[in-house]
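Scroll down for the structure; my scribbles are underneath it.
None of the figures in this text is laboratory data; all of them are computed from the coordinates on show. Every value quoted in this text rests on a predicted model; they were computed, and no experiment measured them. Glycine also receives a Cβ, built like all others from the backbone with ideal geometry; neighbour counts cover every protein chain displayed.
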Amino acid sequence: MSPEPDFNDLHGRVAVVTGGAFGVGRGLVEALLEEGARVVIADIEEPVMNATVEELSPRGDVIGIRTDVSDPASVVALADAVFERHGACHLLFNNAGVTSGGGGLPWEQEPNDWTWCFGVNVFGVANGVLAFVPRMIESGEPGIIVNTSSGDGGIAPVPYASVYASSKAAVSCFSEALAHQLIDNGTQLRAAVFYPSGGLLDTGLWTAQRNRPAHLARTKDREPGPVITFEGFRARIAEMGRNADVMDVNVLGRFVVDQIKKGRFVIGYDLAEAGQLLHGRADAIGKGELPPHHNL
């Protein structure tokens, strides 16, 4: 059996972060630069990406490559550029994500809601693995693939966000399969699944519709539902008497890097609470009952 890969020293390692221009992705980028990694930001919002690269360049080696993770050719082009420039990729963060934008009742969501959400959240992860992992294995160098999931779906179902939650459940399941296969096939790569947590997250996910392609727009007229903003959601959580503290994405990024160094497969805060949700789910399944959902 080959020894476990060592990720304690990230200085000079090459890291690729999809969705890295803003929010959680940017927190990851900043944490990696603090460790001396060479970072490639892959993002669909080129102006924001370029501004982030310009701002962070004094802190280390960072470039940006516009990438549509839902497009296999775009992700292959990203991998080509990374290996041409750096000759390697040691840390791949499949982090880009969107909400479906449909919301509401599951039967009110449209095919385009599914196509867009799964195209980014699920196919985006798959495209990253397909474009990068064979080359990473061939290099023989240690590496890790970190896929961003969510407790909303990855841990427990969320009835009011059924498409998004389903996509994140798929990411969790795929990440487990990937991790097992990387080990069973004797590679120097490992995989991890990241659950952004530790508090409420004010990220671009709340306004993801700004990047929705016109050809995947909703087509059916329906009564407009309430616009859920981050501040509105935070106020609702506070009214319920629950913790409404906002998580600092830079702190979260450093936490992820620390967990990678410790060899964690599941990366997230409040894992004991997640475990309780999963125990409740397992108990219900064992009885043939409907599992509980997040009480949001």
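General remarks:
- Placing a pseudo-label 7 Å from each Cα along the Cα-to-Cβ vector at residue 108 and residue 6 gives an inter-label distance of 5.6 nm.
- Potential extension, residue 173-residue 272 segment - 0.36 nm per residue separation minus Cα distance: 33.7 nm
- Net length available on complete extension from residue 290 to residue 181 is 36.1 nm, with 0.36 nm assigned per residue and the Cα-Cα distance removed.
- Close amide H partners of residue 14, meaning residues 5 or more places away or on another chain with modelled amide H under 5 Å apart, are 38, 90, 91.
- Computed from backbone phi, the HN-Hα couplings of the range 274-289 come to 4, x, 5, 4, 5, 5, x, 5, 5, 4, 5, 4, x, 9, x, 10 Hz, rounded to whole numbers (Karplus: 6.51 cos²θ - 1.76 cosθ + 1.60, θ = phi - 60°; Gly and Pro given as x).
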